[in-house]
Structure formats: structure tokens, C-alpha cells
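So the structure is just underneath, and the comments pick up after that.
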Amino acid sequence: MSAAPALPRWADVAALPLVNLGMALLVAGIVVALIGQNPLHVLTLLVQGAFGSARGVSYTLYYATTFIFAGLAVAVAGHGGLFNIGAEGQATLGGLGAGLLALWLADKLPAAVMLPLMIAAAAAFGAAWAAVPAYLQAYRGSHIVITTIMFNFLAYSLLVYLLVNVLKAPGGMAVESAEFAPSAHLPTMAEAFKPLGIEWPSSPLNVSFFLALAAAALVYVYLWRTRAGYRLRTVGSNVGAAEYAGIKPAHQMMIAMAISGALAGMIGVNEVAGVSRRLLLDFVGGAGFTGIAVAIMGRNHPVGILLASLLFGALFQGGAEVTFEIPAFTRDMVVTLQGFIILFSGAMAYVLAPPLSRLIHAIPVFAKARQA
Amino acid sequence: MDEILAGTLIASTLRVATPLILCALAGLMAERSGVVDLGLEGKMLIAAFAAGAAGAVSGSTAIALGCACGASILLSWVHGYACVTHRGDQVVSGMALNIIAAGLTVVLGVAWFQQGGQTPPVNDAVRLAPLWPGATDSLGAILGGGLLAHNILVYLALVLVAAVWWLVYRTRFGLRLRAVGENPHMVEAAGVSVRRLRYIALTANGVLCGLAGAYLVLAQNASFGPNMTAGRGYMALAALIFGQWRPVPALGACLLFGFLDTVAVRLQGVKLPHVGEIPVQAIQALPYLLTVLLLAGFIGRNVAPQALGRPYVKEH
């Protein structure tokens, strides 16, 4: 393998990820063909469903909102050298924080006070839930991957317990809380744009989309434009060097995970305050794991994460539309594709690097550039 | 406590623990060889689906078991190709396999059987029957019903604990396996292929996960349903860690977790003297909590294999 020359930078940044994504799509296409569907037909329906109407676009952006938070959460932890598989649980706690506050205070406070409090509660609960595994990794040496997995189950148990025993709306059959008072409803895009005279189709898309964009911008500024972010990235890329430079790795791990957990907690704002407007069982629905795929595809960079979130938002929305057209197709195909993307772009990211490199260097222009 | 209750508690504990035991042994093989395996859940799930689909279509227990193990081994090899051959991230690869299995089993199930991801029920003749159905009548509730009225996979799981212990601690292969998980360079220097050992370990891992998945369909439920493993793979991983990567303590952890699950179901709505009602969720969450406490060093010592999760780069 040492025979293959190094990839040029443009190929490493752009060509290789695209080749890997292509592999994932190819294998997914083979699966679609195996179940007797025409992959191109499915893809056409999917793109139409995701982008073919204003309503479709609106749904796509709603899914993307959750994935932006999830992807950013995984990425910030990643820059601190930690793999956060616990975004799922942190999001659960985030929703719980926002929900508890809403059930407690929403009938007493106006929306202008209530909504910022709910956002703060979601971030704080998510951060606190991530801080425990971070502490155990930083100061007790327990592996964060395992601890965050365990914390996902603990979070779910806690949510089930509270919903079944404490919060369940009296008289209702479903395991869910009572609906929040109106001051705890985060406006949907349709509601927010109505006073401005803009007609926006009715969809779950709500103003937390803007929060997600702001979060992406803040993460960029923090990681690449501040000293604090530099310290965090230093620990992520070389713990020894960081320590030698006087940066405390344990500190930075705590910070990375707290920010990561707060970002994951914001998923609760989108789903609980913006959409369901009550606490339910499965409002996170695997988004924490989609965040891993988003962060890998977006290469842990906010711009990449925005693009990858848009892609996954389109896949989830388009996938749902395809199901209406083709009954034998399920949206779980999108979950499968998500797994293939994590496999090819994440675990096997460099499998295709040597052949790609040989291919590039076989082209005379690049071969000459290498000799020069 | 009366005899019948004790008998059902023992029986139920064993039934719940069996897939955990098989899966924990699978994890032990992989992790002792230095390969992190977060994909236990996915492998068990795809094996359950394969057993359900093949069992319903072919009407043969052997084919169902074979397909379950085959599907699971295939995923193990993908993990090996990504992580052993190409030194990819083992955690990422394991998560990818879990997500692929969660999606693919539903996609194929819906397309093949049109029952919303369920497979048709497996014929009773294909399912694993108790080895000695009259045990309860002959030997009473505890010895008969609790211990001797199970199907073959329950006993196979217990035998396999002993077999894996013997393999890992009493054979030349086991010595090499442990060595490759602690110090792969030393093993390579001794002229043994690290890659070969890890692939063998992963193949055994696939077989064991396959049995665990097949158990869910051939012994527990009658058919496969979407996400029917419901976190058992992660719980087996927790049991493996709780058992500090050793077969017999891992068996103990699986039995403990199985017992907690049994108790949680039985205590639903029951008021205990002095304590009051214990929430089911608290008991069900206990395995995860205990594992966190153990990993943090509050109970016992964390003794993961030294080279666990580190890709091995062969020297030239």
C-alpha cells in the first residue's frame, strides 16, 4: 500500500468524499434494485418529494434543522477528540428540560419570556447529561463511547418513567403529557411569516431553523476564530502537545462535551417546542445517530454539516413521499443508506484512497505536477 | 417464596439471559482479539431476520440457523475488512453495521413479505421445542420447570461459556488470541499473523451473534419484527464489560441482567413493604447504571484488553 503516492489536497478534500458517497449510493441502489424497484425511478420520486413543492422543501428544512443540531453536536465533540454517540440521550434530556419548564410555567409567563427560558433549559439539560460521561472520561478514565451509549438508555428510561408515572395527561390513552400552554409554542414558519404577508405552506418547520443556522455560525466562530476553540482543537488533535502548551485536556473534554450536549439538547426545542408541543416518547427518533452520518459527511465543518443536513433532510422527506407512490418501499431504505454512508465515508474512508491516487497520478498533468 | 414462583423466576431469567450470553461471548471473542465490537446489536438483528425469513420460507430449522449465522458472519467480515484489513475506525464501523441492519431488515422484510416488516410466523415444527417437556411434572417446579424444561440453545449457551473459557485460557489459540489483544507486535514478531487471528475471532463472533439472533425467532417470538433486538446487543456489551472481558463473570452479568428484567416485569404495580412501589424503569435501567459505575472504577477495576480499538500497523 505504501506504493501509492499521497493524494493531492483537492482530491483528499473533495474527490475522495464524493467517491465514498458514490459508493454508498451505489450499494443502496443495488439494494433498491434487489427488492425489485428501479433505483432511478425511486431517486426521481425522492427528489420530487423533497424539492418538488414548497411544502416538500419546508418539510426537508424541518428535518434538516434537527440534523444540523445533531451533526454540530457530534462535530464539536469530535474536534475535542471525543466520539459522542450520546446525542440521542442528550436530545431526549433537552426535550425533557424544555417540556418540564413549559408544563410548569407556560400558563403563567408570556411567550417572550417563556421561549428563551425553554431554549436555555433544553441546552442546559443536554449539557448536563453530556457532562457526566465527559467527567467520567476526563477524570475517571472510563471510555466515553461506552458511557454515552449507556446514557442513551438511561435517558430513555428516565423519559419513560416520567411520562408514565408523572406527566401523563389524565384521561388520555397515549403515553404523552398534556399540551403546553400557547406561550410555550415556538411559532412555525407559516405562523411567523403570516404577519409579514408571506404565505408559507403549513409544515412542522419552525423558527428553530434559524437557531440551527445561528448555532452553525457560532460553532464556526468558536472553533476557528477564538483562542478557546483553538485550545479545544489542540486537545483533539494532540493531547500531548496540548498538555505541553499548558492546556488542560480534562478541562477541554468537559467543555467540548458540554457544548456538544447543549447542541444536541436543542433538538428538543425543534421537536418538542416547535412540533409536538407536548412531551412524547419517541421525539428524537434516531436523530442522534443521523448526526454521526452528518458529521462524517460534513467532515466536522459547519458548512459541510449544513450541506449534509440538507441532504439527509431531503432523504427523509423524499423517502416518506416515495412510500406513498410505491407501497413496497419503506423509508427505512433511507436509514439503510445512512448506515452505508457511515460505513463508506467513515469507517472505510481511506480504503479507496490508494486506487484513487494511482488513478489521479496516471493522468499526465498531475503526474508532472508531482515530479516538479 | 413459594416453589412455583421460584421456578418461573429461574426459567424466565435463563430465557432472557440466553441471547445475552451468546452475544456477550461473541463480543468477548472480538474484543479479546483487540477489535472493538459495537455491532453486536446489528448482527443479532440481521441474524434474527435471516432466521425468521429462512425459517418461514424453507420450513427447516437447520436452514434457519445456517442463514442466521451466515448473515451475521457476513457483517463480521465487513467489520473486519473495514477495521482489520484497512484499519478503519472500529467504533464508527460498528455503529454503521447497527444502522444498516436496522434499516435493511425492514426494507427486505417489507419487500419480501408485505407485512410491515414482520416475517410470517415460523412453523412450530421449525421452532426449538423444550428438550424435556415433562420435566415440570416429573421433577417439580424448580428443578424441572426452572432448569430442565428449556430448549437446546439455552443449554448450548451455557456449554459455550465453558467452551470459550477453555478455548481462551487453556489452548494455544487462546493464548495467541489474548496476546493479540494485548500486544499485537509481539504476536507478529513470534511469526503469527495478527490479521488471520483477528479474522478467525470475528468469524466466531459472527457465529455466536447468529445463534443469539436465531434464538429470538426460533425460541422466543414466533416471527421477526422490526427492531426486535431492542437494545439486547448493547446490554450484552454492557455484560461483557461488567464481566471484565472474562467468560464466567460475563455469564454472571448476563444472568444478573436477565434476573433484573424478569423481576422488573413481575414487580409492575406491586407495593413492597417499607419501600413502596419500585418503578419498572429503574430496575430496567440498572444494568446500564451498574456498567457506568464499574467503568468509572467505583466497583471493581476496568481491565480492557490493552490493544482494544487500536488498528494494528504491520512493520516491515
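The values are calculated or read from the model by the stated rules, or taken from the named source; none is laboratory data. Just so you know, these numbers come straight off a predicted model, no measurement behind them. Here the Cβ positions follow ideal geometry from the backbone for every residue, glycine too, while neighbour counts run over all protein chains shown.
In the range A:246-332, counting only helices (runs of 4 or more DSSP H) that sit wholly within it, the ones holding 1 or more residues that are within 14 Å of chain B (Cβ to nearest Cβ) and either surrounded by fewer than 20 Cβ atoms within 10 Å (Cβ to Cβ) or touching a Phe, Trp or Tyr at 6+ places or on another chain (Cβ under 9 Å) (or both) span A:287-297, A:302-325.
Residues in the range B:245-271 that are more than 20 Å from residue A:161 (Cα to Cα) and within 13 Å of another protein chain (Cβ to nearest Cβ): B:245 alone.
Okay, residues lined up against (1) out of contact with any Cys (no Cβ under 6 Å at 6 or more places or on another chain); (2) modelled with pLDDT under 95; (3) under 14 Å from residue B:101 (Cβ atoms); (4) of a type in the set (D, E, K, R):
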site	(1), (2), (3), (4)
B:39	yes, no, yes, no
B:42	yes, no, yes, no
B:52	yes, no, yes, no
B:59	yes, yes, no, no
B:63	yes, no, no, no
B:69	yes, no, no, no
B:72	no, no, yes, no
B:75	yes, no, yes, no
B:79	yes, no, yes, no
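Residue by residue, here is whether (1) part of a helix (DSSP H, G or I); (2) in contact with a helix residue (DSSP H, G or I) (Cβ under 6 Å, 6 or more places away or on another chain); (3) within 19 Å of residue B:233 (Cβ to Cβ) holds:
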| position | (1), (2), (3) |
| --- | --- |
| B:74 | yes, no, yes |
| B:83 | yes, yes, yes |
| B:91 | yes, yes, yes |
| B:94 | yes, no, yes |
| B:107 | yes, yes, no |
| B:117 | no, yes, yes |
| B:147 | yes, no, no |
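Just to check your reading of the model, which residue among B:5, B:28, B:45, B:20 is assigned to a helix (DSSP H, G or I), more than 19 Å from residue B:129 (Cβ to Cβ) and free of Cβ contacts under 8 Å to residues at least 60 places away in the same chain?
On the way: B:28 fails: free of Cβ contacts under 8 Å to residues at least 60 places away in the same chain; B:45 fails: free of Cβ contacts under 8 Å to residues at least 60 places away in the same chain; B:20 fails: free of Cβ contacts under 8 Å to residues at least 60 places away in the same chain.
The unique qualifying residue is B:5.
So in the range B:83-95, with the set limited to residues that are farther than 20 Å from residue B:45 by Cα and hydrophobic (A, V, I, L, M, F, W, C), which one is nearest to the other protein chains (Cβ to nearest Cβ)?
At the first step, the residues of the range B:83-95 found to be farther than 20 Å from residue B:45 by Cα are B:83-89.
Now narrow it down to the ones that are hydrophobic (A, V, I, L, M, F, W, C): B:83-84.
Working: B:83: 7, B:84: 11 Å.
The selected residue is B:83.
Can you tell me which residue is nearest to the other protein chains (Cβ to nearest Cβ) among those in the range A:173-186 that are surrounded by fewer than 17 Cβ atoms within 10 Å (Cβ to Cβ) and closer than 27 Å to residue A:59 by Cβ? Of everything passing the filter in the range A:173-186, A:175 is nearest to the other protein chains (Cβ to nearest Cβ).
Any idea which residue in the range B:183-215 is surrounded by the most Cβ atoms within 10 Å (Cβ to Cβ), counting only those that are polar (S, T, N, Q) and in a helix (DSSP H, G or I)? In this case the residue turns out to be B:205. Among the criteria (1) within 14 Å of chain B (Cβ to nearest Cβ); (2) part of a helix (DSSP H, G or I); (3) surrounded by 19 or more Cβ atoms within 10 Å (Cβ to Cβ), the one residue A:357 does not fulfil is (1). Checking each residue of the range B:224-238 against the condition of being under 20 Å from residue A:138 (Cα atoms) and within 9 Å of chain A (Cβ to nearest Cβ) gives no match. Being outside any helix (DSSP H, G or I) and within 26 Å of residue B:51 (Cβ to Cβ) holds for only one residue in B:224, B:257, and it is B:224. When restricted to residues that are farther than 17 Å from residue B:242 by Cβ and either among the small types (Gly, Ala, Ser) or within 14 Å of chain A (Cβ to nearest Cβ) (or both), the range B:272-289 contains 7. Here residue B:132 meets each of (1) outside any helix (DSSP H, G or I); (2) buried (at least 16 other Cβ atoms within 10 Å of the Cβ) with one exception, condition (2). Scanning the range A:146-165 for residues that are more than 7 Å from every other protein chain (Cβ to nearest Cβ) and more than 16 Å from residue A:278 (Cα to Cα) gives A:148, A:151, A:152, A:155, A:156, A:158.
When the range B:242-254 is filtered for residues that are touching a residue at least 60 places away in the same chain (Cβ under 8 Å) and in a helix (DSSP H, G or I), the ones remaining, listed by number, are B:247, B:248, B:250, B:251, B:253, B:254.
What number of residues within the range A:174-220 are in a helix (DSSP H, G or I) and in contact (Cβ under 8 Å) with a residue 60 or more places away in the chain?
Taking the range A:174-220 as the starting set, the residues that turn out to be in a helix (DSSP H, G or I) are A:182-184, A:189-196, A:208-220.
Going one step further and asking which of them are in contact (Cβ under 8 Å) with a residue 60 or more places away in the chain, we end up with A:182-184, A:189, A:208-209, A:211-213, A:215-217, A:219-220.
So the answer is 14.
Any idea which of A:340, A:366 is within 24 Å of residue A:81 (Cα to Cα), touching a helix residue (DSSP H, G or I) at 6+ places or on another chain (Cβ under 7 Å) and either part of a helix (DSSP H, G or I) or free of Cβ contacts under 8 Å to residues at least 40 places away in the same chain (or both)?
A:340 is the lone residue from the list that is within 24 Å of residue A:81 (Cα to Cα), touching a helix residue (DSSP H, G or I) at 6+ places or on another chain (Cβ under 7 Å) and either part of a helix (DSSP H, G or I) or free of Cβ contacts under 8 Å to residues at least 40 places away in the same chain (or both).
For the range A:4-38, a residue qualifies if it is of a type in the set (Gly, Ala, Ser), outside any helix (DSSP H, G or I) and within 14 Å of chain B (Cβ to nearest Cβ), and the qualifying residues are A:4, A:36. Checked against (1) surrounded by fewer than 17 Cβ atoms within 10 Å (Cβ to Cβ); (2) aliphatic (A, V, I, L, M); (3) outside any loop (DSSP other than H, G, I, E, B), residue A:242 passes all but condition (1). Can you work out which of the residues in the range A:112-145 that are within 14 Å of chain B (Cβ to nearest Cβ) and in contact with a Leu (Cβ under 6 Å, 6 or more places away or on another chain) is farthest from residue A:279 (Cα to Cα)? My answer is A:142.
Take residue B:36 and tell me if it is of a type outside the set (Gly, Ala, Ser), out of contact with any Phe, Trp or Tyr (no Cβ under 9 Å at 6 or more places or on another chain) and not in a helix (DSSP H, G or I). Considered against the rule, which asks whether it is of a type outside the set (Gly, Ala, Ser), out of contact with any Phe, Trp or Tyr (no Cβ under 9 Å at 6 or more places or on another chain) and not in a helix (DSSP H, G or I), residue B:36 comes out as yes. So for the range B:146-155 (the condition being in contact with a Phe, Trp or Tyr (Cβ under 8 Å, 6 or more places away or on another chain), more than 28 Å from residue B:304 (Cβ to Cβ), among the hydrophobic types (A, V, I, L, M, F, W, C) and at pLDDT 90 or above), does at least one residue qualify? Yes: one or more hits.
Of all the listed residues (B:307, B:239), the sole one being crowded, with 18+ Cβ neighbours inside 10 Å, among the small types (Gly, Ala, Ser), in a loop (DSSP other than H, G, I, E, B) and in contact with a Pro (Cβ under 9 Å, 6 or more places away or on another chain) is B:307. Scanning the range B:74-103 for residues that are within 18 Å of the chain's Cα centre (by Cα) and surrounded by fewer than 20 Cβ atoms within 10 Å (Cβ to Cβ) yields B:74, B:77.
Condition check: away from every other protein chain (no Cβ under 14 Å) and either touching a residue at least 60 places away in the same chain (Cβ under 8 Å) or closer than 21 Å to residue A:31 by Cα (or both). Does residue A:345 satisfy that?
Details: away from every other protein chain (no Cβ under 14 Å): no; either touching a residue at least 60 places away in the same chain (Cβ under 8 Å) or closer than 21 Å to residue A:31 by Cα (or both): yes.
Considered against the rule, which asks whether it is away from every other protein chain (no Cβ under 14 Å) and either touching a residue at least 60 places away in the same chain (Cβ under 8 Å) or closer than 21 Å to residue A:31 by Cα (or both), residue A:345 comes out as no.
Against the numbered list (1) in a helix (DSSP H, G or I); (2) in contact (Cβ under 8 Å) with a residue 12 or more places away in the chain, residue A:104 comes up short only at (2). Quick check on the range B:167-176. Is at least one of its residues buried (at least 19 other Cβ atoms within 10 Å of the Cβ) and under 24 Å from residue B:197 (Cβ atoms)? So far as the range B:167-176 goes, yes, one or more of its residues are buried (at least 19 other Cβ atoms within 10 Å of the Cβ) and under 24 Å from residue B:197 (Cβ atoms).
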